[in-house]
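A short worksheet on the structure shown next.
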Amino acid sequence: MPIAVTGSIATDHLMKFEGRFADSLVVEQLDKISVSFLVDDLQVRRGGCGANISFGLAALGLRPVLVGAVGRDFDEYRGWLEDHGVDCGGVLVSTTQHTARFVCTTDETHAQFATFYAGAMSEARDIDLAALHAERGFDLVLVGPDDPDGMLRHTQTCRDLGIPFAADPSQQLAFADGETIRGLVDGATYLFTNEYEAALTERRTGWSADEIAARVGTRVITRGADGVTVQAAGQAPVEVAAVPDVLAVDPTGVGDSFRAGFLAAIEVGLGLERAAQVGCALAAGVVETTGTQEYELRRGPFGKRFAGAYGSDAWDEVAGVLSVPE
Ligand SMILES: Nc1ncnc2c1ncn2[C@@H]1O[C@H](COP(=O)(O)OP(=O)(O)OP(=O)(O)O)[C@@H](O)[C@H]1O
Ligand SMILES: [Mg+2]
């Protein structure tokens, strides 16, 4: 049975301005501001947490179902995802709004003007996950960052239907109040956050680490280059080191790829330690590339890297069950 990944689907439009914004701003005229910058470089990157996580699961041989809301401009992105093994059967196409878009211009001093348009993402709340589950029968649903009402609805559907779910509120935690976060986290089979988000979850919900541990099956806290802690209910925490000697080029999407690796491993029956190792190994490749879906997994180099970090016995165990392409 497939994993469903609910979450944002977006593109990033990134431009570079060869100058200083500050030289064009007239501080005394800010109430009449109207400036335009001529740029030479535009990069369009595919992203959105739901799409990134689905892409990673598919790269590891699974066939995830992406669930999210987009605009009519999605066709090209859909083609890319489907070519890479993602089932886009859970994607709702808005008739009135464009796909979510992040537009950012950076100048030579790294100053930025950025805008996020949520657009069609706000229609994620209209997606009927129960109907999709009736058709396909999901093993697990990941509820990733998305329209907050959509996240709450999908989480509640999982609870109502008894579908195991992974809570991955990520950047939406910053905007959510305690009640919302409690609604997203309670009863999750897996709760994913980074270290900062873990502390934020505790502060906003008012639940201690022990209380959260009692409400979720397994809590996974990523710590960047310091690796990850996995705490399963009633067991000693498992600490897994990040892959060493990684040349960090672009951290965007690293958390998403960790989740994809972790869940792909769980899906094929590996234990928590191996799952965290697969997550770290996939994430290492993403930190080293610019963009979030620009990597291509090959069994040879992936296996070499995994075995180098965690030992060849561990790799043999992983290689026996996970279909990394040759
Ligand atoms: N510099 C690094 N070197 C090696 N591995 C890294 C590095 N940064 C991140 N990772 C891997 O990626 C995992 C997730 O990283 P991190 O905790 O930074 O996620 P995050 O804060 O959610 O990232 P983001 O939200 O920016 O995608 C880590 O547990 C680690 O395995
Ligand atoms: Mg993150």
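The values are calculated or read from the model by the stated rules, or taken from the named source; none is laboratory data. Treat the numbers as computed from the prediction; the structure is a model and nothing was measured. Methodologically, a virtual Cβ is constructed for each residue, glycine included, from the backbone with ideal geometry; neighbour enumeration extends over all protein chains shown. Accessible surface is based on the protein model in full, side chains and every heavy atom, while ligands, DNA and RNA are left aside. Shrake-Rupley method; radii C 1.70, N 1.55, O 1.52, S 1.80 Å.
Here's a check for you: in the range 66-99, which residue that is in a loop (DSSP other than H, G, I, E, B) and of a type outside the set (G, A, S) is farthest from P148 (Cα to Cα)?
Residues of the range 66-99 in a loop (DSSP other than H, G, I, E, B): 71, 84-86, 94-99.
After this cut, where a residue has to be of a type outside the set (G, A, S) as well, the list is 84, 86, 95-99.
On the way: H84: 28, V86: 24, T95: 21, T96: 20, Q97: 18, H98: 18, T99: 16 Å.
That would be H84.
With respect to V240, is the statement that it is away from ligand 2 (no atom under 14 Å from the Cβ) and under 23 Å from V321 (Cα atoms) true? Talk me through it step by step, then tell me what you get.
Details: away from ligand 2 (no atom under 14 Å from the Cβ): yes; under 23 Å from V321 (Cα atoms): yes.
So V240 fits the description; yes.
Is it the case that L129 is away from ligand 2 (no atom under 16 Å from the Cβ) and closer than 23 Å to G206 by Cβ?
The answer is no for L129.
Can you name every residue in the range 34-90 that is buried (at least 20 other Cβ atoms within 10 Å of the Cβ) and among the hydroxyl-bearing types (S, T, Y)?
If the condition is that a residue be buried (at least 20 other Cβ atoms within 10 Å of the Cβ) and among the hydroxyl-bearing types (S, T, Y), then S54, Y77 are the ones that fit.
Have a look at A118, A174, A111, A199 and point out the one that is within 16 Å of ligand 1 (Cβ to nearest atom), open to solvent by 10 Å² or more (accessible area, probe 1.4 Å) and within 30 Å of F37 (Cβ to Cβ).
Numbers: A118 fails: within 16 Å of ligand 1 (Cβ to nearest atom); A111 fails: within 16 Å of ligand 1 (Cβ to nearest atom); A199 fails: within 30 Å of F37 (Cβ to Cβ).
That would be A174, the only listed residue that is within 16 Å of ligand 1 (Cβ to nearest atom), open to solvent by 10 Å² or more (accessible area, probe 1.4 Å) and within 30 Å of F37 (Cβ to Cβ).
Quick check on this structure: which one of A248, A242 is within 13 Å of ligand 1 (Cβ to nearest atom) and modelled with pLDDT under 95?
Numbers: A242 fails: modelled with pLDDT under 95.
That would be A248, the only listed residue that is within 13 Å of ligand 1 (Cβ to nearest atom) and modelled with pLDDT under 95.
Which residues, counting only those in the range 190-201, are part of a strand (DSSP E or B) and either over 23 Å from V278 (Cα atoms) or away from ligand 2 (no atom under 14 Å from the Cβ) (or both)? It would help to see each step written out before you state the result.
Here is the first cut: in the range 190-201, the ones part of a strand (DSSP E or B) are 190-194.
Once the filter is applied, which keeps residues that are part of a strand (DSSP E or B) and either over 23 Å from V278 (Cα atoms) or away from ligand 2 (no atom under 14 Å from the Cβ) (or both), the range 190-201 yields only Y190.
For the range 112-156, how many residues are touching a His at 6+ places or on another chain (Cβ under 7 Å), closer than 12 Å to V67 by Cβ and part of a helix (DSSP H, G or I)?
Residues in the range 112-156 being touching a His at 6+ places or on another chain (Cβ under 7 Å), closer than 12 Å to V67 by Cβ and part of a helix (DSSP H, G or I): 1 in total.
Applying the selection to the range 220-233, what residues are hydrophobic (A, V, I, L, M, F, W, C), within 16 Å of ligand 2 (Cβ to nearest atom) and without any contact (Cβ under 8 Å) to a residue 40 or more places away in the chain?
Matches in the range 220-233: I221, A225.
Go through the range 270-292 and count every residue that is outside any helix (DSSP H, G or I) and surrounded by fewer than 24 Cβ atoms within 10 Å (Cβ to Cβ).
Pass one, the range 270-292, residues outside any helix (DSSP H, G or I): 270-271, 288-292.
Still in the running and surrounded by fewer than 24 Cβ atoms within 10 Å (Cβ to Cβ): 270-271, 288-291.
So the count comes out to 6.
Here is a yes/no grid of residues against (1) β-branched (V, I, T); (2) more than 21 Å from the chain's Cα centre (by Cα); (3) modelled with pLDDT of 95 or more:
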{"site": "A176", "(1), (2), (3)": "no, no, yes"}
{"site": "T180", "(1), (2), (3)": "yes, no, yes"}
{"site": "L184", "(1), (2), (3)": "no, no, yes"}
{"site": "A188", "(1), (2), (3)": "no, no, yes"}
{"site": "F192", "(1), (2), (3)": "no, no, yes"}
{"site": "E197", "(1), (2), (3)": "no, no, yes"}
{"site": "D210", "(1), (2), (3)": "no, yes, no"}
{"site": "R219", "(1), (2), (3)": "no, no, yes"}
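Tell me which residues, restricted to the range 202-219, are more than 16 Å from ligand 2 (Cβ to nearest atom) and surrounded by 13 or more Cβ atoms within 10 Å (Cβ to Cβ).
E202, R204, T205, W207, A209, I212, A213, R215, V216, G217, T218
Out of the residues in the range 202-233 that are assigned to a loop (DSSP other than H, G, I, E, B) and more than 16 Å from Q277 (Cα to Cα), state the one that is nearest to ligand 1 (Cβ to nearest atom). Outline the logic, then answer.
Initial filter on the range 202-233 (assigned to a loop (DSSP other than H, G, I, E, B)): 206-208, 216-217, 223, 227, 233.
After this cut, where a residue has to be more than 16 Å from Q277 (Cα to Cα) as well, the list is 206-208, 216-217, 233.
On the way: G206: 23, W207: 20, S208: 22, V216: 17, G217: 19, A233: 21 Å.
Among those residues, the one meeting the criterion is V216.
Using the structure shown, decide if F165 is away from ligand 1 (no atom under 16 Å from the Cβ) and under 16 Å from the mean Cα position of the chain (by Cα). Break it down into steps so the answer makes sense when it comes.
Working: away from ligand 1 (no atom under 16 Å from the Cβ): yes; under 16 Å from the mean Cα position of the chain (by Cα): yes.
Taking the combined requirement at face value, the residue satisfies it.
Quick check on D177: is it without any contact (Cβ under 8 Å) to a residue 60 or more places away in the chain and more than 16 Å from ligand 2 (Cβ to nearest atom)?
Working: without any contact (Cβ under 8 Å) to a residue 60 or more places away in the chain: yes; more than 16 Å from ligand 2 (Cβ to nearest atom): yes.
Considered against the rule, which asks whether it is without any contact (Cβ under 8 Å) to a residue 60 or more places away in the chain and more than 16 Å from ligand 2 (Cβ to nearest atom), D177 comes out as yes.
So, G137, is that one within 18 Å of A275 (Cβ to Cβ), of a type outside the set (S, T, Y) and modelled with pLDDT of 95 or more or not?
Details: within 18 Å of A275 (Cβ to Cβ): no; of a type outside the set (S, T, Y): yes; modelled with pLDDT of 95 or more: yes.
Considered against the rule, which asks whether it is within 18 Å of A275 (Cβ to Cβ), of a type outside the set (S, T, Y) and modelled with pLDDT of 95 or more, G137 comes out as no.
Looking only at the range 247-269, filter to residues that are among the small types (G, A, S) and either within 18 Å of Q172 (Cα to Cα) or buried (at least 17 other Cβ atoms within 10 Å of the Cβ) (or both); which one of those is nearest to ligand 2 (Cβ to nearest atom)? Full working, then the answer.
Here is the first cut: in the range 247-269, the ones among the small types (G, A, S) are 248, 253, 255, 257, 260-261, 264-265, 269.
Filter once more, so that each one left must be either within 18 Å of Q172 (Cα to Cα) or buried (at least 17 other Cβ atoms within 10 Å of the Cβ) (or both): 253, 255, 257, 260-261, 264-265.
On the way: G253: 9, G255: 3, S257: 10, A260: 13, G261: 14, A264: 18, A265: 19 Å.
This residue is G255.
Determine the pairs where a residue that is closer than 24 Å to A213 by Cα and part of a strand (DSSP E or B), located within the range 234-256, has a partner that is within 16 Å of ligand 2 (Cβ to nearest atom) and hydroxyl-bearing (S, T, Y) with Cβ atoms under 7 Å apart, the partner being 6 or more residues away or on another chain.
That search, which allows pairs on different chains as well, returns E239/T229.
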